[in-house]
Amino acid sequence: MSGLRVLVVDDEKPALDELTFLLESDPRVGEVVACQSATDGLRTLREQEVDCVFLDIQMPGLTGLEFAEVLRRFKQPPPIVFVTAHEQHAVEAFDLRAVDYVLKPVRPERLAEAVRRVLADTAAPAPVADTQIAVERGGVTRFIDRRDITHVEAQGDYARLHTKAGENYLVRVPLTTLAEDWAESGFHRIHRSLLVALAHVTEVRSDSGRTSVMVGTTELPVSRRHTRGLRDVLVRRARAGG
């Protein structure tokens, strides 16, 4: 049978049936195996191979996060998409290298995007050549590697580049332009005045509804508008190993 073979695990029968129906309606999916518990899901995986797992988080007994921990021990773990009503577990999903994190109620177009990400997960990303950035200080032009830049701060029509060595340089380029030009190189907007290099993010913090990221010893605020987008891209990046 052509198409993805998908394992779906959700303890709530209506949610399980709906997710199964939506996945079976996707022409890229060949077969859906449905289980109402993580235990049944593991039993299924011992008996047959699947291409990916769509998994609820809050389940009695073995939770979805615990189930994902077990899958990580597999020699070739299948890609995981979490499907949940609880947004607060996105950071844990990122740590578990999930491909995607879909919130309930599930919209067909959002699920279609999750399937696309599963299919893209095994594709090797095209290498992005590193770029040297010309900066000036005291009449001297220096060249710094973009990979050494941890974050960028907007300052009017200028942008201040911060490096992992603790240095900073002012360049006459608007932050909006850098956000567009450097998106493919792993720079993500987390605030109207901040870009962060995802490769340098060591920690995501959430406290009383406020989110921030750690870059070295520097804590950077994440605006509410950009929080979900950041978590989403971190989940995908971690699952891709980059």
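Here are some notes:
- For the range 1-41, filtering for residues that are open to solvent by 30 Å² or more (accessible area, probe 1.4 Å) and aliphatic (A, V, I, L, M) leaves 3.
- When residues in the range 85-110 are screened for being closer than 17 Å to residue 234 by Cβ, of a type in the set (A, V, I, L, M, F, W, C) and part of a loop (DSSP other than H, G, I, E, B), 3 of them pass.
- Restricting the range 1-29 to residues that are small (Gly, Ala, Ser) and modelled with pLDDT of 95 or more leaves a set whose member that is farthest from residue 67 (Cα to Cα) is 25.
- Test: residue in the range 86-95 that is more than 26 Å from residue 40 (Cβ to Cβ), without any contact (Cβ under 8 Å) to a residue 40 or more places away in the chain and surrounded by 12 or more Cβ atoms within 10 Å (Cβ to Cβ): no
- Any hit, the range 225-236, residues being open to solvent by 40 Å² or more (accessible area, probe 1.4 Å), among the aliphatic types (A, V, I, L, M), closer than 30 Å to residue 102 by Cβ and in a helix (DSSP H, G or I): no
- Residue match in the range 210-222 (condition: under 20 Å from the mean Cα position of the chain (by Cα) and either of a type in the set (Phe, Trp, Tyr) or modelled with pLDDT under 85 (or both)): no
- Beta carbons closer than 7 Å, at least 6 apart along the sequence or on distinct chains, pair a first residue in the range 24-53 that is without any contact (Cβ under 8 Å) to a residue 24 or more places away in the chain with a second that is of a type outside the set (Gly, Ala, Ser) and open to solvent by less than 30 Å² (accessible area, probe 1.4 Å) for 24/32.
- The condition of being modelled with pLDDT of 90 or more and among the acidic types (Asp, Glu) holds for only one of 153, 184, that being 153.
- Hits in the range 5-50 (condition: touching a Cys at 6+ places or on another chain (Cβ under 6 Å) and in a strand (DSSP E or B)): 6, 9
- Filtering the range 184-207 to residues that are of a type in the set (D, E, K, R), surrounded by 14 or more Cβ atoms within 10 Å (Cβ to Cβ) and part of a helix (DSSP H, G or I) leaves nothing.
- Answer residue from the range 57-74, given it is under 13 Å from residue 39 (Cα atoms) and in a loop (DSSP other than H, G, I, E, B) and is least open to solvent (accessible area, probe 1.4 Å) among those: 59
The values are calculated or read from the model by the stated rules, or taken from the named source; none is laboratory data. It should be emphasised that the depicted structure is a prediction, and the values quoted were computed from it without experimental measurement. Heads up, the Cβs are rebuilt from the backbone with ideal geometry, glycines too, and the neighbour counts pull from every protein chain shown. Note: accessible area is taken over every heavy atom of the protein model, side chains too, but ligands, DNA and RNA are not part of it. Shrake-Rupley method; radii C 1.70, N 1.55, O 1.52, S 1.80 Å.
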